[in-house]
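What follows is a short report on a single structure.
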Amino acid sequence: MPDPDTCSDVDWSAYVFNRSGSPGIKYEWWCHIASGFWFVALRDTARDEVLATYPAEAVRRGLPENAS
Amino acid sequence: MPYRLLRFGVSRKHPEPRMFTRYDSLKAAYDVVIIGAGGHGLAAAYYLARDHGIRNVAVLEKGYIGGGNTGRNTTIIRSNYLTPEGVKFYDESVRLWQDLAADFDLNLFYSTRGHYTLAHTDAAMRTMRWRAEVNKHYGVRSEAVDADFVKRGIPSIDMTCGGHAPILGALFHAPGAIARHDAVAWGYGRGADRRGVEIHQQTEVTGIRLKGGRVTGVDTTRGHIATSKVLCAVAGFTPRILDMVELHTPIYVHPLQAMVSEPVKPWLDPIIVSGSLHVYVSQSARGELVMGASLDPYELHATRPTLDFVEGLASHMLDMFPFLSEVKVNRQWAGLADMTPDFAPIMGITPVEGFFLDAGWGTWGFKATPVCGKTMSHTVATGRNHPLIEGFTFDRFARYRLTGEKGAASVGH
């Protein structure tokens with residue numbers, strides 16, 4: 001994340017709006033509604049295949065490098 | 001007659017001209033290369049050749065003509081949008097639609113039906129009045145109507161919607177229409193083809209060459225082409241093309257599904273949309289009910305259908321029309337919708353010189369086909385954005401000037 005106090009408006013807009021829209025292996029936040037349990041899934045967005053899941057606490061310890 | 005048909009079949013020289021010319025190879029260079037032979041790409045090619053005299057154009061398509069979202073939408077045409085930018089743009093499109101069949105000499109089955117956006121809550125009624133006022137201000141025929149008007153227009157509807165979503169009124173948009181979507185791509189394609197544009201199917205773009213920030217050529221599965229202008233009109237595949245020129249946008253891709261019922265006798269004349277029930281439905285010339293709902297809830301680059309979608313949509317259809325309970329669903333499919341955060345498209349020039357974008361068409365692109373062709377061909381020919389697309393420019397996110405069109409998306413996303 002760019003530093004909001006020092007970065008330019010254009011850089012900040014790129015951080016706020018832009019994203020990688022191409023298919024790939026991506027980390028996503030998911031919520032199991034029935035239990036209210038939040039977790040992170042590593043998912044292939046081309047084939048809709050979940051490759052790994054992590055409980056929310058794992059984010060604090062640092063997730064493995066994004067494969068995409 | 002069968003004898004003549006047989007002789008025609010085995011004859012080497014076919015007297016009937018094919019709809020499109022088939023070219024064996026690509027030329028070394030074109031003035032303009034258009035990626036994507038859907039409605040938008042072919043319309044741009046058509047108007048480039050017809051209105052701007054630019055005929056040395058190649059349209060590259062990795063699949064077949066009109067096989068993407070042009071052939072996967074629910075064919076609804078309307079201009080009852082919410083923002084002035086949107087209303088003016090789609091109104092011009094509806095005007096162009098009126099003479100399109102005559103332009104092409106091809107029957108588009110353009111059928112003006114009237115379009116109801118149902119309101120089930122006071123809040124929705126307020127939005128309908130707001131949209132009606134914006135529409136009327138720009139000369140578009142829309143009005144907020146009460147429950148009695150809806151009941152007279154759609155006598156077969158259950159006004160209580162299963163008892164849990166009573167209809168309070170609607171936004172009625174008389175010019176709302178449907179058309180035969182494949183014919184739109186074919187009409188534009190044939191018109192462009194006759195004016196010298198080359199359409200190359202089964203030709204995938206694998207890279208775009210840049211030099212000093214400007215386009216110099218396109219690599220394809222059938223060889224390299226030199227060109228200084230590229231128009232990208234590839235809907236759900238936009239992010240992959242943008243990676244080739246290292247441009248970043250907010251576009252994200254979700255599947256959008258639709259389905260049709262078995263054909264039944266004509267009983268539903270107008271087009272019905274309900275934002276609260278997440279349904280839009282019309283009856284085609286063949287008698288099939290063409291139905292759609294919201295986007296699938298998460299990112300995916302595949303067109304798989306889901307049972308969940310059919311169940312949800314069928315249940316909401318039955319809220320409105322309980323007598324359909326014995327009618328079967330015939331087909332179900334999906335397309336890849338390229339969405340933007342403000343529900344408006346991204347069109348026109350980009351920071352890469354010679355690279356033009358017609359994208360972010362999400363769930364609302366079919367109705368805009370003619371006006372996109374008109375405005376993008378102008379933009380490509382002159383190098384300057386057409387005045388009608390100034391609310392949809394690539395740089396609006398960097399300027400924090402979004403065009404909030406979400407209130408007018410046909411159903412909530």
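Any read-out appearing in this document is the output of simple, stated calculations on the displayed coordinates, not a laboratory observation. Computed from a predicted structure; not experimentally measured. Reconstructed Cβ throughout: ideal geometry from the backbone, glycine too, with neighbour counts over all protein chains shown.
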With label points set 7 Å from each Cα along the Cα-to-Cβ direction at B:Asp148 and A:Val10, the distance between them in nm comes to 6.0 nm
Taking only Cα atoms of region B:1-99, what ratio of Rg to Rh do you get with Rh as the Kirkwood inverse-distance radius?
1.10
Calculate one ³J(HN,Hα) per residue across region B:142-149 by plugging θ = phi - 60° into the Karplus curve 6.51 cos²θ - 1.76 cosθ + 1.60, and present them in order as whole Hz with x for glycine and proline.
9, 8, 7, 10, 8, 4, 4, 4
Compute the FRET efficiency between B:Tyr64 and B:Tyr138 as 1/(1 + (r/R0)^6), taking r as their Cβ-Cβ distance and R0 = 51 Å, and round to the nearest 0.05.
0.85
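For Cα pairs less than 8 Å apart in space and 6+ apart in sequence, what is the mean separation divided by the residue count of chain B, i.e. the relative contact order in percent?
That works out to 23 percent.
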How much length is gained if the chain between B:Tyr298 and B:Arg214 is pulled fully straight, taking 0.36 nm per residue apart and subtracting their Cα-Cα distance, in nm to one decimal?
26.8 nm
What is the average number of partner chain Cβ atoms found within 10 Å of a Cβ in A:1-14?
2
Using just the C-alpha positions of chain A as equal point scatterers, what log10 of I(q)/I(0) does the Debye formula give at each q in 0.18, 0.25 1/Å?
-0.86, -1.06
Give me the dipole magnitude in Debye, nearest 20, for region B:102-235 about the Cα centre, with unit charges on the beta carbon: positive for Lys and Arg, negative for Asp and Glu.
480 debye
Sequence order, region B:205-216: Karplus ³J(HN,Hα) from phi using 6.51 cos²θ - 1.76 cosθ + 1.60, θ = phi - 60°, Hz rounded, Gly and Pro as x, gives 7, 10, x, 10, 8, 10, 9, x, x, 10, 6, 10
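What is the order of B:Glu92, B:Glu311, fewest Cβ neighbours within 10 Å to most? Walk me through the numbers before you get to the answer.
Values: B:Glu92 17, B:Glu311 10.
Placing the least packed residue first, the sequence is B:Glu311, B:Glu92.
Provide A:Glu65, B:Glu198 in ascending order of the number of other Cβ atoms located within 10 Å of each residue's Cβ, fewest first.
On the way: A:Glu65 6, B:Glu198 21.
The order, fewest Cβ neighbours first, is A:Glu65, B:Glu198.
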Among B:Pro84, B:Ser111, B:Gln98, flag the residue with its Cα farthest along the positive direction of the charge dipole of region B:82-124, charges on Cβ as +1 for Lys/Arg and -1 for Asp/Glu.
B:Ser111
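What does the average come to when, for each residue of peptide A:18-28, you count the partner chain Cβ atoms lying within 10 Å of its Cβ?
Working: counts 7, 8, 6, 18, 10, 10, 2, 0, 1, 0, 2.
Per residue, the number of nearby Cβ atoms from other chains is 6 on average.
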Relative contact order, percent, of region B:199-261 when contacts are C-alpha pairs under 8 Å separated by at least 6 residues?
22 percent
Mind checking which of A:Tyr27, A:Ala41, A:Pro4 is farthest towards the positive end of chain A's charge dipole, using Cβ charges of +1 (Lys, Arg) and -1 (Asp, Glu) about the Cα centre?
A:Ala41
Enumerate by residue number the chymotrypsin sites (Phe, Trp or Tyr not before Pro) in region B:232-284 meeting two conditions: DSSP loop (anything except H, G, I, E, B), and at most 16 other Cβ atoms within 10 Å of the site's Cβ.
B:Trp267
Cα Rg, Dmax (largest Cα-Cα span) when computed across chain B, Å:
21.8, 68
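Between B:Thr206 and B:Tyr23, 0.36 nm times their residue separation minus their Cα-Cα distance comes to what? Intermediate results must be reported in sequence, preceding the final value.
Values: separation 183, 0.36 × 183 = 65.88 nm, distance 1.98 nm.
Length gained, B:Thr206 through B:Tyr23: 63.9 nm.
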Of B:Lys27/B:Lys62; B:Lys151/B:Lys367; B:Lys136/B:Lys367; B:Lys88/B:Lys367, pairs whose Cα-Cα distance is over 22 Å
B:Lys151/B:Lys367
Taking every other residue with Cβ under 12 Å from the Cβ of B:Arg22 and scoring Lys and Arg +1, Asp and Glu -1, one gets -2
Long-range amide H partners of B:His115, meaning residues 5 or more apart or on another chain whose placed amide H is closer than 5 Å, are B:His173, B:Ala174, B:Gly176, B:Ile271
What the Cα atoms of region B:47-158 span along the principal axes, largest first and in whole Å, is 54, 31, 27
Could you go through region B:237-253 in sequence order and give the Karplus-derived ³J(HN,Hα) for each residue, using 6.51 cos²θ - 1.76 cosθ + 1.60 with θ = phi - 60°, rounded to whole Hz, and x for Gly and Pro?
9, 3, x, 5, 5, 5, 4, 5, 10, 6, 9, 10, 9, x, 5, 10, 10
In what sequence do A:Cys31, A:Cys7 fall when counting other Cβ within 10 Å, fewest first?
A:Cys31, A:Cys7
Per residue, how big is the convex hull around the C-alpha atoms of the protein assembly as shown? Give it to me in cubic angstrom, could you?
188 Å³
